[in-house]
1. Taking the residues in segment A:28-76 that are basic (Lys, Arg) and more than 8 Å from chain B (Cβ to nearest Cβ) as candidates, determine which candidate is farthest from B:ARG291 (Cα to Cα).
2. Given the residues B:ALA79, B:ALA85, which is the only one that is surrounded by fewer than 22 Cβ atoms within 10 Å (Cβ to Cβ) and within 19 Å of the chain's Cα centre (by Cα)?
3. Under the condition of being at pLDDT 90 or above and within 13 Å of chain A (Cβ to nearest Cβ), which residue from segment B:258-280 is surrounded by the most Cβ atoms within 10 Å (Cβ to Cβ)?
4. Could you identify the single residue in B:ARG128, B:ARG140 that is of a type in the set (D, E, K, R), outside any helix (DSSP H, G or I) and surrounded by 18 or more Cβ atoms within 10 Å (Cβ to Cβ)?
5. From B:LEU178, B:LEU192, B:LEU186, grab the single residue that is in a helix (DSSP H, G or I), free of Cβ contacts under 8 Å to residues at least 40 places away in the same chain and of a type in the set (A, V, I, L, M).
6. Give the residues of segment B:288-305 that are in a loop (DSSP other than H, G, I, E, B) and closer than 25 Å to B:SER323 by Cβ, sorted by residue number.
7. Can you tell me which residues in segment A:48-66 are over 30 Å from A:MET33 (Cβ atoms) and surrounded by 16 or more Cβ atoms within 10 Å (Cβ to Cβ)?
8. Let me spell it out: the conditions are (1) over 24 Å from B:VAL246 (Cα atoms); (2) more than 14 Å from chain A (Cβ to nearest Cβ); (3) modelled with pLDDT under 85, and B:ALA89 meets all of them except one. Which number is the exception?
Amino acid sequence: MDLARAIASVSCLIVAAWLMLLAFLVIIDRLVMELESSLLRSIAGLALFLLWIVLWYQATSRLVEKRASELRRESS
Amino acid sequence: MLRYLLVLIAGLSTSLATTPIVAKIAYKIGAVRPDVHKPGEPEIPTMGGIAITLGLAASSAASYILFAEYKHQIAILLATALVLAVIGAIDDIFVLRGIVKMALTVVAIAPILVAGYLYPAETGLWIRYRPPAPVVGRLRLTILYWLLLPLAIAGPANAVNMIDAFNGVMVSAALISLAALFSSSLVLGNELCLVLSTILIGPLLGFLPFNLYPSRVFAGDTGGLVVGGVLGAIAVLSKMEFVTMVALMPEILNAFYIVSSVKGLVEHRELKEKPTLMLSDYRLRASTNPRAPITLTRMLLLFGGEGGEGELITAILAVQAVSALLALVTSMLMI
């Protein structure tokens, strides 16, 4: 097993998720927090959070599928 | 310093002394699981989490006396651990379905909610509570916080439990996360988090020698749920939600990928497609089936190639260490 490659690849995903979380917080602070109603802030915050989750899942699952298909091609 | 050391020793010595006894009882009642990554698949006693819980009770009792100013939080932490230990023990003996286990672990938020209602000043759990966050200061998502709170225990409990696929991984990873929480508490001057983290560090250190590769005892669902749930309780009680979330990112991402890719909460025994394949020499290979669930182990194998259990343990703990460093940076961004 290429340990360094495995650790570096997954660590990059972790660091990317962390950076996106910080960016998400800044967006919440700059945009959502400007809304007057607390209920509206919560709905907008939750919607943005769900959007972030969906985008993150789509991006990483495509990356995993791409690598899996490369391995399928190599083995055939 | 001496007080922390005494709390640590109370937890460590209790779990060190009780783990062999718990292992013997587990053998007798048939609470054993095959170690599928070893030749011959030896039967290993599970429910080692009971010893962790006993250690946690001892360190909680010690800290209740030594840190009386935090007695409410310490009592809540222990109550949460006991609820999860009961759920975990039932799961270890009867094997619950994933969705049932998740639903039961949501109940473990009850001690926090009840204590928050009865002692809002002592616990700091106000209705208008604003969680501290990096970069932006305090969030004003007060409604969202209370909507997500029921998952504060169930989420980490199940996520930490799901990463316990190899010998010693869950306990070692939790210790790395606790090291991050401990150092972040020093950065932020959060004494409560130091105390609550020390309560969990001792029992884990006492249990680790029995659980390290090659394991003589498994923590089982009891251990996974208790350790994860207590980490969640530490986060809520000491207002370290963001730091804990970052420290537990490998566990959270692993659980999130599994739940998303299989589109539901299922036990690993219920999975139709396995994420990894076992080779004849007991090394693992990532499944290339598009329908196989995405897990942390599968990703490591996809990017690093076939590997043995030892290599995978090293890789997972290295990723956990990266996450711990990010948690420390997160706490620095909260000053």
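1. Taking the candidates together, the pick is A:ARG30.
2. B:ALA79
3. Among residues in segment B:258-280 that are at pLDDT 90 or above and within 13 Å of chain A (Cβ to nearest Cβ), the one surrounded by the most Cβ atoms within 10 Å (Cβ to Cβ) is B:PRO275.
4. Only one candidate qualifies: B:ARG140.
5. Result: B:LEU186 is the single residue among B:LEU178, B:LEU192, B:LEU186 that is in a helix (DSSP H, G or I), free of Cβ contacts under 8 Å to residues at least 40 places away in the same chain and of a type in the set (A, V, I, L, M).
6. B:ALA292, B:PRO293, B:ILE294, B:THR295, B:GLY305
7. A:LEU63, A:VAL64
8. Unmet for B:ALA89, out of (1) over 24 Å from B:VAL246 (Cα atoms); (2) more than 14 Å from chain A (Cβ to nearest Cβ); (3) modelled with pLDDT under 85: (3).
The values are calculated or read from the model by the stated rules, or taken from the named source; none is laboratory data. From a predicted model like this one, the values you see are computed outputs, not experimental measurements. Every residue, glycine as well, gets a Cβ built from its backbone with ideal geometry; the counts of neighbours run over all protein chains shown.
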